[in-house]
Every structure is written in structure tokens, then in C-alpha cells.
1. Over the Cα atoms of the stretch 346-402, Rg to Rh with Kirkwood Rh, two decimal places?
2. For the pair Glu255/Asn354, report the inter-label distance in nm, with labels modelled 7 Å from Cα in the Cβ direction.
3. Which of Lys337/Lys444; Lys45/Lys454; Lys164/Lys396; Lys278/Lys302; Lys248/Lys277; Lys268/Lys337 have a Cα-Cα distance over 31 Å?
4. I'd like the accessible area for Met123, computed on protein heavy atoms only with a 1.4 Å probe and all protein chains in place. Round to 10 Å², please.
5. Could you order Thr331, Thr88 by accessible surface area, starting with the largest, using a probe radius of 1.4 Å?
6. Leaving out ligands, DNA and RNA but keeping every protein chain, what accessible area does Ser341 have, in Å² rounded to the nearest 10, with a 1.4 Å probe?
7. Please compute the net charge surrounding Lys455, taking Lys and Arg as +1 and Asp and Glu as -1 over other residues with Cβ under 14 Å from its Cβ.
8. I'd like the accessible area for Leu406, computed on protein heavy atoms only with a 1.4 Å probe and all protein chains in place. Round to 10 Å², please.
Amino acid sequence: MKFLRNILDKQKPNFEKGGKLHFLHSVFDGFETFLFVPKHTTPDKGAQVRDAIDMKRLMITVVVAMVPCLLFGIWNTGHQHYLAIGETADMMAKIIYGAKVVLPIVIVSYGVGLGIEFAFAQMRGHAINEGYLVSGMLIPLILPVTIPLWQVALASAFAVIIAKEVFGGTGMNILNVAMTARAFLYFAYPTYMAGDIKVWTAGEPTVIEQKLDGYTRATALGLAAEQSSSLAAEIQNAREAYVDKKVKEAETKGEIKDPVAFNNAAYKESGKLPEVKKLQAQIPTQVTNAFESKKGGLYSLKSFVIGTIPGSIGETSFLMCLIGGVILILTGVGSWKIIVSAFGGAYLMGLLFNAIGGNAFMAMPAHYHLVMGGLAFGIVFMATDPVTAAQTEIGKWYYGFLIGALTVLIRVFNPAYPEGIMLVVLLMNVFAPLIDYYVVAANKKRRLKRLELKKAQ
């Protein structure tokens with residue numbers, strides 16, 4: 001490293017004021033501070049700070065926390081590919097195949113995003129912002145492996161320019177940059193971001209299409225949505241049959257005075273039918289059995305926790321997300337209050353819906369919500385974004401709880417969009433300042449009351 005330090009010191013005068021490459025000062029400074037701790041020191045007078053951890057080191061910590069998800073995602077990409085086409089392969093073959101698919105997505109994300117960051121820094125004459133060190137890794141991890149590289153480039157450019165640079169750069173954005181990129185792709189190119197398992201399985205499209213005939217096509221959340229629709233239809237048919245029977249009996253006797261009121265009353269009574277209650281009671285078991293039985297337990301609870309299921313590159317493994325969360329909490333980079341409250345909010349909302357019942361999502365065991373989809377990844381790496389999250393300590397509890405609760409709420413009431421973490425994080429990014437405002441206002445109100453009591457004494 002000393003050799004590299006000497007090279008940088010020798011070239012540095014060319015990039016300083018008056019040097020022939022001064023116009024590239026921001027670029028040189030970005031590379032230098034990425035490789036080495038800056039030599040900046042505090043003055044003799046004023047605040048004294050002695051800390052080797054700067055913004056770049058803080059961001060690198062988040063990247064390190066995402067490495068388990070990245071490595072597992074590379075392996076799982078190869079695993080799902082060979083599983084889909086019905087071929088066996090060893091671990092190294094799966095890793096090599098996964099790396100060929102995943103690494104180009106990561107390279108494009110970093111190349112386009114950092115290129116735009118460098119351009120804006122040069123135009124403004126500012127130092128290179130460090131925020132994209134994290135966003136450049138987050139974006140690939142929340143995308144499907146089949147995403148075209150030109151869409152990765154387009155989404156990265158959109159997110160950096162629209163979600164961050166127009167607000168002033170790192171630390172000024174109000175929306176999570178990576179989630180903005182995913183939302184852009186989801187609404188601009190929905191067929192590439194959602195659908196059956198072909199979206200989540202890498203390989204030659206024609207080959208995958210032929211081989212998937214004997215392979216389950218639904219993702220975990222999609223499978224739950226299918227169960228919700230089919231079981232809800234059975235229940236609805238039973239209730240409508242009861243209403244029709246009551247109406248016919250009442251019509252023959254001439255007892256119907258208000259048809260609307262009679263139908264409403266009959267439909268309400270149908271909810272107490274033994275066959276309806278029996279169908280509703282079967283929902284949790286049927287959903288769990290559907291997960292356990294599909295393709296030899298592809299969507300079993302164990303598979304959810306480990307992550308050997310189709311999905312976005314880095315979000316399938318609850319275990320890897322948990323490891324990343326522990327790293328963020330132990331290093332003090334991520335807020336444990338947001339993580340704990342978000343998981344708690346999702347679990348409590350799941351328990352509430354279990355008590356209510358009604359469809360497959362509502363009756364699905366609450367703990368499934370924690371390990372399914374991108375909830376864990378979104379909570380650990382998106383909700384804890386220090387720029388867009390709530391800043392007050394009490395506000396973090398509210399912020400995290402609402403993210404978890406609203407995600408489950410969207411899953412349950414909108415089977416057409418079974419994954420809600422993306423829009424919930426973006427929504428709560430917007431409301432985070434409002435949460436902080438009311439927390440601070442409440443603190444002021446309590447302090448003023450204490451002051452009034454002291455004066456009264």
C-alpha cells in the first residue's frame with residue numbers, strides 16, 4: 001500500500017489548483033479518499049475530532065454487510081437455473097454460472113451510477129459523494145437475474161439523477177435511491193420485474209420455457225395469492241348459494257319487503273354456516289401444505305429461511321439478511337430500533353389478520369410474512385437508510401413499526417401486488433420528517449408543561 005501511496009502523492013500536484021489536470025480534482029480526490037483515510041486534521045482551536053471513520057468507511061461497512069446476500073445470491077442464481085432445467089451441478093458450477101449472470105449487473109450499476117456521480121461532482125466542483133457505494137450494490141440485489149443490462153443502466157441513471165442529484169446529492173435526498181430505481185423499473189417495465197418463475201430464473205429463454213413445463217411457475221407470494229383467490233372463491237360460492245336459497249324460500253312465502261336489506265341479512269347469516277367456517281379453518285393448513293408440497297418443498301419454511309427459492313438476487317435468504325443486520329447493528333451503522341420495530345410490526349399485523357381470517361394471506365401463519373419476499377432485505381438495508389429514515393429515537397420506533405405493518409397490510413388486501421415493501425419504504429421516506437416533527441413537538445410540549453409546574457411551585 002505504501003507503493004500506491006507514493007504514486008498518488010507524486011501525481012497529486014497535477015490535480016491540485018494550478019495543475020494541468022485541476023479540472024479532474026474531484027475524480028482524483030474520490031479515488032484517493034476511497035483507498036486511504038484523508039489526511040485532514042482539525043485546527044488547534046475549536047472542536048477536536050480524532051476518528052479514522054469517515055463517510056466512505058461508513059458506507060463500506062454497509063457494503064460489507066451486503067456481501068453475504070450477494071454471495072448467496074450468486075450461488076442461488078446458479079442453483080435455480082440448474083433446478084429449473086432439471087440438471088444436477090456441483091457448488092462451483094452453480095457459483096460460476098451465477099457470477100456470469102450477477103456480476104455484469106453489479107458492474108453496470110456501479111459504472112453508470114458512479115459515472116454520473118463523478119460528472120455532477122466535476123460540474124459543481126465538489127468532492128465525490130460516497131452514497132452510491134451503497135446504492136450501487138443495493139440496486140442489483142433487488143432486481144431479478146433476467147433483467148436486461150440496459151434497464152439496469154437506465155434505472156441507475158434515473159435513481160441517481162432524479163432521486164438524489166436534483167435534491168443536492170448525498171444526504172439531501174428524500175427517497176431511498178435503490179428503491180426509487182426498482183420502482184422506476186417496476187412501473188416502466190412491469191413484465192421484466194414481476195410474473196411467473198421465468199422472470200426469476202436465469203438461462204436461455206427458449207430453454208427455460210421448454211424445461212419449466214414440469215416446474216412450479218409461481219413464486220412464494222404468488223402461490224399464496226393463488227391460494228387466496230381459490231379458497232375465497234369457494235367460500236364466496238357457499239355464501240351466495242345460501243343467500244339464493246333463502247331468497248327463493250322467502251319469495252314463495254311473500255316475506256320479502258326490502259330486497260336489499262333481506263339480501264344483506266342473509267349474506268351476514270351465511271358467514272355462520274358450518275361449511276363456510278370449515279373452509280375458513282382449512283385456509284392456514286392449505287396454504288402451509290401448498291408451500292411444503294410444491295416441487296419437493298421448494299417453498300417450505302426451511303427454504304424461506306435459507307433462501308433456496310426464486311426471487312430477486314439478494315433478497316431470498318432471510319438468514320443472510322439477518323447476518324447483514326447483525327453487522328449493521330454491532331457496528332452502529334444501522335438502527336436496531338428500526339429493525340426490531342419493523343419486524344415486530346409485520347409480525348403483529350400478521351397475528352391480527354390470523355385472528356380475523358378471511359383469505360389465504362390473512363390466515364397464513366404470521367411468521368411466514370417475516371421470511372417471505374423482500375421484507376427482511378428491505379427492513380435491514382432500506383428502512384435503516386440514515387438519510388431517508390426518521391432521525392429521532394422515538395420516531396424510529398414508529399417509522400419501523402409502520403413499515404412492517406403496512407407491508408403485510410398491502411400483501412393481504414392486494415393479492416395482485418403481493419409484495420409491498422418497496423412502496424411502503426418509499427411512502428415512509430416521505431412521512432419520516434412528519435414523524436420527527438410530531439415527536440419533537442411532543443417533547444417540547446412535555447418540557448413546557450414541566451417548566452410551568454416548576455414555576456407554579
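1. Reported Rg/Rh, Kirkwood definition of Rh: 1.07.
2. 4.0 nm
3. Working: Lys337/Lys444 22 Å; Lys45/Lys454 39 Å; Lys164/Lys396 22 Å; Lys278/Lys302 28 Å; Lys248/Lys277 23 Å; Lys268/Lys337 43 Å.
Check vs 31 Å cut-off fails for Lys45/Lys454; Lys268/Lys337.
4. Only protein atoms counted, so the area is about 140 Å².
5. Thr88, Thr331
6. Only protein atoms counted, so the area is about 10 Å².
7. Details: positive: Arg447, Lys449, Arg450, Lys454; negative: Glu452.
With Lys, Arg at +1 and Asp, Glu at -1, the neighbours total +3.
8. 50 Å²
The values are calculated or read from the model by the stated rules, or taken from the named source; none is laboratory data. Treat the numbers as computed from the prediction; the structure is a model and nothing was measured. Using ideal geometry, Cβ is built from the backbone for each residue, glycine included, and neighbour counts are taken over all protein chains shown. Note: areas computed on protein heavy atoms with side chains; ligands, DNA, RNA excluded. Shrake-Rupley method; radii C 1.70, N 1.55, O 1.52, S 1.80 Å.
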